[in-house]
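A short worksheet on the structure shown next.
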Amino acid sequence: MSGRERVAADAAARGLSLEFSARIRATSLQDAAAQMGVSPASIVKSLVVKRHDGTFLFALVPGDRQISWPKLRAIVGVNKLQLPSPEVALEVTGYERSTITPIGSLTAWPVYADSRIVGQRISLGAGEHGLSVFVDADDLIAAYDAVVADITE
């Protein structure tokens with residue numbers, strides 16, 4: 001099953017409405033936003049984060065912001081978090097970097113969403129290169145029972 005098919009199947013199973021959009025490789029966040037006709041903040045990065053015990057979580061971060069490790073550690077309740085290698089991220093999600101999304105991931109890891117995406121229509125990776133999905137952030141948060149908090153700087 002392709003990444004797009006996994007994303008579509010998982011979204012359908014969760015009652016989540018998506019809009020797939022073809023895209024070309026962007027040279028920057030601003031370039032990607034211009035191509036898609038959205039603000040840079042609307043392009044949300046799905047980051048795979050590894051806990052010290054070997055489990056993972058997803059952090060949804062607006063494109064114009066960075067993850068705040070102290071804030072995320074406090075919300076998760078751990079002392080250590082890290083980004084895994086691209087190979088490990090692929091192994092645990094089934095998606096390559098820049099295509100990663102919690103939608104259709106091989107394992108339904110917990111989702112932590114930055115509070116700035118609430119109420120927004122956002123763009124995420126779609127499980128394969130050359131595609132993005134647009135989704136209502138509130139619907140995504142509800143579908144994955146995501147923890148919403150200030151996790152960026």
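Some notes on this structure:
- Residue check, residue 78 closer than 20 Å to residue 138 by Cα and among the β-branched types (Val, Ile, Thr): no
- Residues of segment 111-130 classified as more than 13 Å from residue 47 (Cβ to Cβ), touching a residue at least 24 places away in the same chain (Cβ under 8 Å) and not in a helix (DSSP H, G or I), total: 10
- Scanning segment 1-37 for residues that are modelled with pLDDT of 95 or more, charged (D, E, K, R) and not in a helix (DSSP H, G or I) turns up 14, 19.
- Residue in segment 73-96 that is within 25 Å of residue 23 (Cβ to Cβ) and either assigned to a strand (DSSP E or B) or aromatic (Phe, Trp, Tyr) (or both) present: yes
- Residue that is nearest to residue 71 (Cα to Cα), among those in segment 87-110 that are of a type outside the set (Ser, Thr, Tyr) and in contact (Cβ under 8 Å) with a residue 60 or more places away in the chain: 109
- Close pairs (8 angstrom Cβ cut-off, 6 or more residues apart or separate chains): in contact (Cβ under 8 Å) with a residue 24 or more places away in the chain in segment 67-81, part of a helix (DSSP H, G or I) and among the charged types (D, E, K, R) anywhere: 79/73; 80/73; 81/73
The values are calculated or read from the model by the stated rules, or taken from the named source; none is laboratory data. Quick caveat, the model's predicted, so the values are computed rather than measured. Methodologically, a virtual Cβ is constructed for each residue, glycine included, from the backbone with ideal geometry; neighbour enumeration extends over all protein chains shown.
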